[in-house]
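This report refers to the structure that appears directly beneath it.
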Amino acid sequence: MRLWEQHCCVPLAHTADLSALARYPQGSHLSINVGYSPHSKTEVAALCGEFRRQVLADDRLVMVDADPVEGATTVAFDLEDSGPIEGDLANVEYVHGLGVRSMLPTYNFVNAAGCGCLDSDDTGLTSYGRDLVAEMNRVGMLVDGSHCSIRTGLDLAAVTQAPMIYSHSNFAALWSHPRNITDEQARECAQTGGVVGINGVGIFLGVNGPAEADARVQAMADHIEYAVELLGVEHVGIGSDYSFDHEDFNAEMAAHPEAFSQEYTRYGPLQWVPPEGVASLPSVLAERGFDAESIAAVHGGNFARVARIAQATGG
């Protein structure tokens, strides 16, 4: 059973050590973040180059755009904001060539593409944002609604010509947080053929205590169960949003407060479900009555399917 982890984070620095990815089960597919709103195209390209160098040097890893290696963990990149595109749609194809396979139009706050989940005024996707989606569809890049506002997310579903995703978003119906999505957002995503990836971030699960590691895994399973009941098992996956350097992430919030808000900081230091906890989800779901086929779909099959569709329809 192959794990497809649609979003996790390593330090956004040249000193990041990708050997830590080995904490996931060998043979997984991992999408790792290579930039968000503060980053330029040049900075993203440099990070992609360094991360690719490390992947190529590690026999356990292979880039998503390289020839497949049986049993190897595949690595793709993702962008958590369209800011690094710098308003030039030609850069969508450029970053796709660097290994970026999914991108969020917006990250928490309004930009040229649309609104973020922390904006008080939600005007949705802009004309530029619609053009951005069309270009992402054209090159075969997954359109990701995580961190977007409600209306922007609904607009993404209405505009995209390929399945969209929420790579790492939980359900507001279970825990009221502006980063969590509404049932309507999830349904419209599913209508595109897309997938909602459940994350393991404590403040988005409502379980952020340092001693609540087991409870966070169970809370992830709660959101998976809710999603399956709402959408059907074929529209649910995993995007844990695990950060391999907690201190760096909390420092990033302090360094870039404009990208966050008290909705992030008022809970104390953020806690995550680690790779080992993500790997335990199949057994947790089995205990809840999920059959092997459903577990395999959630654990990886569903995201693999939409990635194949995006690749086939793009380019």
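Provide the per residue accessible area, probe 1.4 Å, for the stretch 179-293, rounded to a whole number of square angstrom. Don't jump to the answer; show the numbers that get you there.
Working: 4690 Å² over 115 residues.
Per residue, the stretch 179-293 has 41 Å² of solvent-accessible surface.
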Practice item. With θ set to phi - 60°, apply the Karplus curve 6.51 cos²θ - 1.76 cosθ + 1.60 along the stretch 218-227 and write out the HN-Hα couplings as whole Hz, x wherever there is a Gly or Pro. Key: 5, 5, 4, 5, 4, 5, 5, 4, 4, 4
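Lys and Arg at +1, Asp and Glu at -1: add these up for the other residues within a Cβ distance under 10 Å of Gly145 and post the number. Please report the intermediate quantities before stating the final value.
Numbers: positive: none; negative: Asp144, Asp155, Glu188.
Result for the neighbourhood of Gly145: -3.
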Practice item. Please identify, among Pro269, Pro105, Pro163, the residue showing maximal mean-square fluctuation in a Gaussian network model of the chain using a 10 angstrom Cα cutoff. Key: Pro269
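Rounded if a/c is under 1.5, else prolate if a/b is larger than b/c, else oblate: which is the chain, with a ≥ b ≥ c the root eigenvalues of its Cα gyration tensor? Could you put the intermediate results ahead of the total?
Working: a/c = 1.17, a/b = 1.07, b/c = 1.10.
It is rounded, given that a/c, with a ≥ b ≥ c, falls under 1.5.
Assigning unit charges at the beta carbon (Lys, Arg +1; Asp, Glu -1) and nothing else, what dipole magnitude in debye, to the nearest 20, does the chain show about its Cα centre?
Here the size comes out at about 380 debye.
Tell me, in nm to one decimal, what length is gained between Thr15 and Arg308 on full extension, where the rule is 0.36 nm per residue of separation less the Cα-Cα distance? Intermediate results must be reported in sequence, preceding the final value.
Numbers: separation 293, 0.36 × 293 = 105.48 nm, distance 3.20 nm.
Full extension of this stretch gives 102.3 nm more.
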**Study point:** Estimated FRET transfer efficiency when R0 is 45 angstrom, pair Thr42-Glu184 (beta carbons, to 0.05)
**Key:** 0.75
Check your understanding: Quick one: accessible area per residue over the stretch 47-174, 1.4 Å probe, rounded to a whole number of Å²?
Key -> 36 Å²
Review point. What nm value, rounded to one decimal, do you get for the distance between Gln191 and His256 when each label is placed 7 Å out toward the C-beta?
Key: 3.2 nm
**Study point:** Built amide H within the under 5 Å cut-off of Val143, gap 5+
**Key:** Ile165
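What is the sum of charges around Gly71, taking Lys and Arg as +1, Asp and Glu as -1, for the other residues whose C-beta is under 14 Å from the C-beta of Gly71?
On the way: positive: Arg2, Arg60; negative: Asp58, Asp59, Asp67, Glu70.
Combined, the nearby Lys, Arg, Asp and Glu give -2.
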Check your understanding: Check Gly239: other-chain or 5+ apart residues with amide H under 5 Å from its amide H, H built from backbone geometry?
Key -> Gln6, Ile198, Asn199
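Quick one: pull the percent of accessible area on the stretch 237-315 belonging to carbon and sulfur, 1.4 Å probe, ligands and nucleic acids left out.
Numbers: 1900 of 3640 Å².
That fraction is 52 percent.
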Review point. Given q = 0.13, 0.15, 0.29, 0.30 Å⁻¹, what are the Debye log10 I(q)/I(0) values for the stretch 1-62, with equal point scatterers placed on the Cα positions and solvent ignored?
Key: -0.35, -0.46, -1.39, -1.43
Exercise for review: For the stretch 1-134, give the percent of accessible area contributed by carbon and sulfur heavy atoms, probe 1.4 Å, rounded to a whole number.
Suggested key: 52 percent
Revision key, fill the gap. Expected vector for the stretch 119-127, Karplus 3J(HN,Hα) from phi with 6.51, -1.76, 1.60 and θ = phi - 60°, integer Hz, x for Gly and Pro, equals 6, 7, 10, 9, 9, x, 6, 8, 4
Study note, to complete from the structure: By the C-alpha gyration tensor axes a ≥ b ≥ c (rounded if a/c is under 1.5, else prolate when a/b exceeds b/c, else oblate), the shape of the stretch 119-175 is oblate
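The values are calculated or read from the model by the stated rules, or taken from the named source; none is laboratory data. What you are looking at is a predicted structure, and each value in this text was computed from that prediction instead of being measured. We place every Cβ from the backbone using ideal geometry, glycine too, and count neighbours over all the protein chains shown. Accessible surface areas use protein heavy atoms only, side chains included; no ligands, DNA or RNA. Shrake-Rupley method; radii C 1.70, N 1.55, O 1.52, S 1.80 Å.
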